[in-house]
Every structure is written in C-alpha cells, then in structure tokens.
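J.: Starting off with a structure, shown below.
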Amino acid sequence: MRRTPKESTDSWKKISRRALLLGGAQMALAGTLGLRMRHMQVDQADQFRLLAEENRINIRLIPPTRGRIFDRNGKVIAENEPTYRITIVREDAGEIDEVIARLSALVDLDPDELNRAMAEMKRSAPFLPITVADRVSWDAISRVAVNAPALPGVTPEVGLSRFYPQHGNFAHVAGYVGPVSERDLTRYEDPEPVLSIPRFQIGKVGVEAKFEDALRGKAGAKRVEVNAVGRVMRELDRQEGDSGADIQLTVDSGLQDYVTARLGIESASCVVMDVEKGDLLAIASAPTYDPNKFVRGISVPDYAVLRDNDHRPLASKTVQDAYPPGSTFKMVVALAALDAGLLSPDDTYWCPGHLEVGSRRFHCWKRTGHGHVNLEHSLRESCDVFYYELAMKVGIEKIAAMARKMGFGDAPDVPMSAVTAGLVPDKDWKRRERGAEWLIGDTVNASIGQGFVLSSPLQQAVMTARVATGRAVRPRLIKTIDGVEPPIEGGEDLGLNPNHLRWVRRGMYAVMNNRRGTGYRSRVDHEPYLMAGKSGTSQVLNRVVRNEDVPWEERDHALFVAYAPFEAPRIAVSVVVEHGGGGSAAAAPIARDVVLQALYGGTPPLDAYPASDRGRIEAQQERLERERRVREQEAQSRA
C-alpha cells in the first residue's frame with residue numbers, strides 16, 4: 001500500500017528525531033569516556049605507573065591515643081610517652097629469616113623479644129605489623145631507615161606506650177595496661193579490629209581495666225602504597241581516630257604518696273575519705289609494686305618476686321581483702337541496740353573479765369574485768385563483755401540490719417579490681433551456706449566483730465563516715481570523665497536518731513581524748529583538729545596467745561578507724577596492719593599521722609602532737625622527707 005506524501009514526510013521526521021537522540025547519546029557517552037581516559041592517563045598517570053610495577057595499596061589501622069589519668073589536682077598518674085620501635089610485616093618481608101638476619105646486623109635484637117615476635121607472626125594475620133624491637137634508640141632507627149631497600153617489610157616507627165610517673169603509688173588504684181592476650185579477646189563478643197594489633201595495650205586491672213572502653217578511644221586508618229618488595233612508597237590518605245577520654249580521680253597525689261610512705265614495709269592498707277562527698281582522698285595498699293614493669297609484659301623472675309612475697313604486694317588490700325572488723329564493729333552493735341530501744345547511755349553491765357554462755361566462757365581482753373560499764377565507758381576502753389551482753393539482748397537480725405545500713409555486706413561501687421562485699425552473717429545465711437542453725441555463741445562472737453563477720457578497709461571507712469555524718473555517704477573515686485563530673489550518689493539521711501549517733505560519737509571521742517581511752521597515746525593535741533576513733537584487733541588464731549610468742553603470719557590484725565575534726569567532721573580514715581597485733585599500738589599512730597597530714601594539707605606542725613611524742617615524730621618526718629626526695633630523684637632519672 002502506497003503512502004501519501006504527508007505520511008512519508010511524518011515518517012521521515014520521526015526517523016530524523018530518533019537518529020538525533022541516539023547520536024547525541026552516543027556522543028555524550030564517547031565524551032564522558034574520553035574525559036575519564038584523559039583523567040586516568042594524564043592526571044593519574046603516576047599512580048597507575050606505580051600500580052603497573054606491582055605496587056599495591058594497604059590499609060593500616062592507626063592505634064588511638066589512650067586517655068590519661070590525673071589526680072584531683074591535675075597531676076598526671078598515667079600518661080603516654082613516645083617510643084621508637086621496629087616492626088615487620090610478614091607478607092611483605094618474603095624470606096623472614098634473611099630479613100631478620102640483615103636487621104640483626106644493624107640493631108641489637110633481644111633474643112627473648114625476637115622469639116616472642118616470631119611466635120606472634122605465626123598466630124597473627126600476615127598483613128599485621130609485628131614489633132621485633134621496642135624502645136630502641138634514635139641511632140638504631142636511623143640505621144634501619146638508611147638501609148630500608150635491603151629490609152623489605154621492615155618499618156621504623158614512633159609509637160606511644162603507657163607510663164606511670166608515680167610508679168608504685170597508684171598501682172592498686174589506676175592499675176596498669178598490658179598487651180592484648182587471647183584471654184582478653186574472649187571477653188568480647190565482637191572484638192574491635194584494633195585489638196588484633198600485636199602488643200596493643202589494654203587495661204588489665206584497676207581504673208585502666210574498668211574504664212577500658214572510655215580510655216581506649218577509636219582507631220583511625222591510613223592507606224599506604226607499597227612496592228613489590230613491601231617497602232612503603234607513600235601515604236595516600238589518613239583518617240585520624242578519636243583519642244580516649246581523660247579521667248580525673250578524687251585521690252590527692254601528695255596525700256597518697258605520704259600514706260604509702262607512712263605504711264612503709266608493713267603489710268597494710270589505709271583509706272582516707274571525704275565525709276561530705278565521699279571522695280576517696282587516698283586509698284593505699286602496702287607494699288606496692290611498679291606498674292611500668294607490666295606494660296610490655298613482666299619477666300618471669302620479676303613476677304615471681306611479687307608473687308612469692310608473703311606481704312602480697314599485688315593485692316589491693318583496701319578493697320579486695322576482708323578481715324574480721326574486731327572492736328570497730330562495736331559501734332554497729334551499739335547503734336542497733338539504741339535503735340531497738342534496748343540501750344540508753346546510762347545503762348550498765350558488769351564486766352568481771354569474762355562471760356559464761358552455756359558451756360563456753362567468752363573472755364574480755366582485760367582479764368581482770370572493767371567493772372560496771374556504760375556505753376561511753378564500753379567504747380572508751382573497748383570492753384568485750386558489755387557487747388556480749390548487749391548482742392544477746394538485741395539478736396543477730398537487728399545487728400545485721402544495722403551493719404548493712406552502715407555499709408557492710410555490700411561491695412562499694414568503685415572502679416577497682418576484685419572489690420569484696422565482705423560478709424554480714426545472719427540466721428538465713430548460716431542455714432543456707434553452712435547447713436546449720438545459728439547459735440547464741442555466734443551472736444556473741446559477732447558482737448565484737450569476730451566469727452563470721454568480714455569487712456574491707458574501704459567498708460570500715462564508709463562506716464566511720466556514716467557515723468560521723470548520719471548520712472548514707474558512698475565512696476567516690478572518679479571526679480571527672482573528659483571534664484564532666486558524674487552525679488554524686490548517696491548522702492541521704494540514714495534515719496537514725498541524732499541522739500543515738502551523738503552518744504556513740506562521744507564514746508569514740510573518749511577513745512582518743514580520755515586518759516583511759518585505748519587511743520589516747522595517738523591523740524591529736526591541737527584543739528581544732530581533735531579526733532574521734534576506735535581501735536580493733538582481729539584474731540587470726542582462735543586461741544589465747546600473745547602475739548609476740550607466735551610467728552608473724554599468725555599474729556592478730558590491727559585495725560583503727562577515726563574521723564576528724566570531731567566538732568565538724570571532714571575526713572574519715574581506716575587503717576589495717578596485717579599481723580600488726582593490737583589496733584591501738586600498730587594502727588592508731590598511722591591513722592593519727594594520716595589525719596593530720598590530710599587536714600593540714602602537708603606536714604603538720606610538731607605542736608599538733610602530744611609533747612611526749614614530738615621527738616619521735618620529728619625524726620619520722622625528717623626520714624619521710626628524705627625518702628620522698630630520693631623517690632623524686634629516682635623518678636627524674638628514670639624519666
């Protein structure tokens with residue numbers, strides 16, 4: 001069928017339009033390809049030339065800068081110091097043994113360090129850099145850099161390593177970091193890639209471990225160009241990670257240093273606590289250790305020395321050790337009796353030196369007895385029979401309830417390792433844990449802080465702060481995280497009768513300031529800073545024997561708690577001297593010295609001490625000052 005001229009014209013117009021559209025699209029595509037080819041051939045010529053020569057691009061993680069730890073005044077507790085190291089990437093090195101041999105000719109490689117590095121290479125991904133020499137000199141780094149062409153896969157690097165400038169003072173508080181282990185990785189469901197970097201450091205104990213995620217930060221990444229033999233040609237781009245958060249503790253470095261020095265060679269612990277906010281101003285265990293030895297992995301001999309020491313330097317005694325509180329528990333029993341309406345300040349009991357309970361005789365520490373004893377007298381001279389009688393009247397359930405109200409039986413919420421809850425026993429506990437019924441003798445034992453009752457030095461300080469204030473003071477170790485102060489928890493009223501607290505405080509005041517008080521010899525002789533306190537002795541052997549007649553490890557523990565000033569309490573202190581004997585002889589002098597050091601903010605004047613004690617105190621202050629200067633000089637030389 002023939003088309004009309006009009007139909008032919010319309011058909012030709014449609015074909016021409018389609019041809020133009022198709023041609024335009026083809027030209028646009030050709031132009032785009034031409035521009036892309038020009039960009040690749042001209043602008044990126046160098047890059048593709050290198051790739052053509054068997055270069056390749058590697059993506060490498062950039063470890064984040066770990067957050068620092070400071071004391072309450074901004075003094076550094078944990079920081080990062082630059083170190084030089086030499087790393088090797090197995091897949092870039094080719095013949096590892098040959099490369100190591102060449103490297104050994106240039107740098108002295110420690111055999112143990114090298115063996116450890118070779119073991120890491122076998123279990124790590126081939127593209128990860130392995131450190132073969134750490135903390136090397138600048139000269140060694142220079143020699144490696146000059147000979148880089150002959151050392152494929154070998155890279156001299158500047159890195160950061162953790163350093164604790166105050167050495168042992170904060171070992172039990174801040175803790176330490178160490179290389180990531182297989183055990184560490186099992187704690188994470190989906191470990192971050194940065195944890196796979198050999199010898200990457202993470203927190204192991206203490207604040208370093210408890211705030212690991214905040215302190216670690218986020219890793220960055222960089223793209224580097226390497227040639228066929230693994231040598232880095234250039235860095236293409238870099239994305240920095242996020243530094244970890246800085247953490248400020250409530251602890252005062254100066255006071256912590258003094259407390260650690262004052263505890264000396266004893267196996268002991270001391271806690272100093274602000275009674276208003278609960279800030280831990282000092283929390284020290286002795287003896288201590290240098291956490292810097294753990295940063296890169298402590299040697300077997302060095303660890304054995306710490307492990308086998310009978311004074312247990314690795315233990316955070318302030319929070320992880322629990323002791324029978326001894327006579328310091330008598331304040332709890334007294335408050336329980338007062339709260340139950342079973343005691344008034346004028347009530348008395350007769351102490352002949354012992355009490356018969358069933359077929360058993362419970363002795364008072366004073367074998368001749370104290371005679372007629374009221375509440376103040378019982379605390380002042382620490383009469384045991386008074387509390388035997390009182391506890392049988394009150395019962396263990398009320399005593400246990402008051403103990404929990406005063407901070408026992410609950411693990412304090414502080415970011416330290418292995419924090420114990422101690423033990424507040426009652427009838428249900430013994431039935432559940434021992435499969436036996438509670439006995440009246442158990443109550444008598446508990447009345448003087450013996451038997452099943454256990455508490456940590458930190459719990460002792462909390463109890464003392466609550467007695468001093470009547471409030472539920474809670475310990476606080478973290479002051480700020482990246483400059484932000486966490487909310488202060490606790491501090492609410494305990495709901496105790498103020499008169500009951502006043503009567504107990506009066507007894508604690510008499511302990512220190514009455515001539516017949518067990519702590520009188522360790523009193524403060526400066527009116528504004530008078531102390532209130534209580535001594536305690538925790539039995540190690542369940543038999544009557546003098547401490548000097550048995551080996552050190554079988555002697556009683558010495559305890560002392562105190563708060564000051566008496567009229568306007570600011571601090572609470574607890575001291576435990578393991579196997580120290582009597583609390584008034586071994587622990588009270590330490591507590592008094594620490595109280596004065598804290599209240600004066602430094603070395604107190606001699607007239608704050610009793611006149612009869614000033615000669616000894618002056619010699620002690622001079623000795624501690626000499627030791628402090630030696631520590632400073634040693635720290636400067638190590639730095």
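J.: Within region 149-159, identify whether any single residue is out of contact with any Pro (no Cβ under 9 Å at 6 or more places or on another chain), among the aliphatic types (A, V, I, L, M) and surrounded by fewer than 18 Cβ atoms within 10 Å (Cβ to Cβ), and answer yes or no. Lay out the reasoning, then the answer.
T.: Residues of region 149-159 out of contact with any Pro (no Cβ under 9 Å at 6 or more places or on another chain): 149-152, 154, 156.
Among the residues that remain, those that are also among the aliphatic types (A, V, I, L, M) are: 150-151, 154.
Still in the running and surrounded by fewer than 18 Cβ atoms within 10 Å (Cβ to Cβ): 150.
Looking through region 149-159, at least one residue is out of contact with any Pro (no Cβ under 9 Å at 6 or more places or on another chain), among the aliphatic types (A, V, I, L, M) and surrounded by fewer than 18 Cβ atoms within 10 Å (Cβ to Cβ).
J.: A follow-up question, please. Mind checking which residues of region 139-189 are over 29 Å from Arg90 (Cα atoms) and part of a loop (DSSP other than H, G, I, E, B)?
T.: Once the filter is applied, which keeps residues that are over 29 Å from Arg90 (Cα atoms) and part of a loop (DSSP other than H, G, I, E, B), region 139-189 yields Tyr164, Pro165, Gln166, Ala171, His172, Val173, Ala174, Gly175.
J.: Do we find a residue being among the hydroxyl-bearing types (Ser, Thr, Tyr) and not in a helix (DSSP H, G or I) anywhere in region 326-334?
T.: No: zero hits.
J.: Out of curiosity, is Val540 under 29 Å from the mean Cα position of the chain (by Cα) and farther than 29 Å from Val275 by Cβ?
T.: Considered against the rule, which asks whether it is under 29 Å from the mean Cα position of the chain (by Cα) and farther than 29 Å from Val275 by Cβ, Val540 comes out as yes.
J.: Only one residue in Leu185, Leu195 is under 15 Å from Arg66 (Cα atoms) and surrounded by fewer than 18 Cβ atoms within 10 Å (Cβ to Cβ). Which one? Step through it out loud before you land on a result.
T.: Working: Leu185 fails: under 15 Å from Arg66 (Cα atoms).
So the residue among Leu185, Leu195 that is under 15 Å from Arg66 (Cα atoms) and surrounded by fewer than 18 Cβ atoms within 10 Å (Cβ to Cβ) is Leu195.
For every residue, the table says whether it meets (1) under 29 Å from Gly278 (Cβ atoms); (2) of a type in the set (Val, Ile, Thr); (3) over 42 Å from the mean Cα position of the chain (by Cα).
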position	(1), (2), (3)
His354	no, no, yes
Arg360	no, no, yes
Val385	no, yes, no
Glu397	yes, no, no
Lys405	yes, no, no
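J.: Mind counting the residues in region 378-398 that are touching a residue at least 60 places away in the same chain (Cβ under 8 Å) and of a type outside the set (Phe, Trp, Tyr)?
T.: Residues flagged as touching a residue at least 60 places away in the same chain (Cβ under 8 Å) and of a type outside the set (Phe, Trp, Tyr) within region 378-398 amount to 8.
J.: Let me ask another. Out of Ser584, Ser538, which single residue is more than 19 Å from Ala286 (Cα to Cα), of a type in the set (Ser, Thr, Tyr), out of contact with any Cys (no Cβ under 7 Å at 6 or more places or on another chain) and at pLDDT below 95?
T.: Ser584
J.: Right, another one. List the pairs whose first member sits in region 83-96 and is touching a residue at least 60 places away in the same chain (Cβ under 8 Å), whose second member is of a type outside the set (Phe, Trp, Tyr) and in a helix (DSSP H, G or I), and whose Cβ atoms are under 7 Å apart, counting only residues at least 6 apart or on separate chains?
T.: Tyr84/Ile141; Ile86/Val144; Ile88/Val99; Arg90/Ile96; Arg90/Met121; Ala93/Val99
J.: Moving to a separate point now. Looking at Leu280, Leu314, which is the one that is touching a helix residue (DSSP H, G or I) at 6+ places or on another chain (Cβ under 6 Å) and either in a loop (DSSP other than H, G, I, E, B) or within 23 Å of Arg570 (Cα to Cα) (or both)? Talk me through it step by step, then tell me what you get.
T.: Numbers: Leu280 fails: touching a helix residue (DSSP H, G or I) at 6+ places or on another chain (Cβ under 6 Å).
On inspection, the qualifying residue turns out to be Leu314.
J.: On to the next question. Being acidic (Asp, Glu), touching a helix residue (DSSP H, G or I) at 6+ places or on another chain (Cβ under 8 Å) and surrounded by fewer than 18 Cβ atoms within 10 Å (Cβ to Cβ), is that true of even one residue in region 574-584?
T.: Scanning region 574-584 turns up no residue that is acidic (Asp, Glu), touching a helix residue (DSSP H, G or I) at 6+ places or on another chain (Cβ under 8 Å) and surrounded by fewer than 18 Cβ atoms within 10 Å (Cβ to Cβ).
J.: Here's another thing I want to ask about it. Which ones in region 357-377 are in contact with a strand residue (DSSP E or B) (Cβ under 8 Å, 6 or more places away or on another chain) and closer than 23 Å to Leu342 by Cβ?
T.: Phe362, Cys364, Gly369, His370, Gly371, His372, Val373
J.: Counting only residues that are modelled with pLDDT of 95 or more, surrounded by fewer than 22 Cβ atoms within 10 Å (Cβ to Cβ) and not in a helix (DSSP H, G or I), how many does region 451-475 have?
T.: Adding up the residues that qualify gives 6.
J.: Given the condition more than 30 Å from the chain's Cα centre (by Cα) and either polar (S, T, N, Q) or not assigned by TED's automatic domain parsing to the domain that holds Asn80 (or both), answer yes or no: does some residue in region 129-141 qualify?
T.: Yes: region 129-141 contains one or more residues that are more than 30 Å from the chain's Cα centre (by Cα) and either polar (S, T, N, Q) or not assigned by TED's automatic domain parsing to the domain that holds Asn80 (or both).
The values are calculated or read from the model by the stated rules, or taken from the named source; none is laboratory data. Keep in mind that what you see is a predicted model, and the values were worked out from it rather than measured. Glycine gets a Cβ as well: all are built from the backbone with ideal geometry, and neighbour counts include every protein chain shown.
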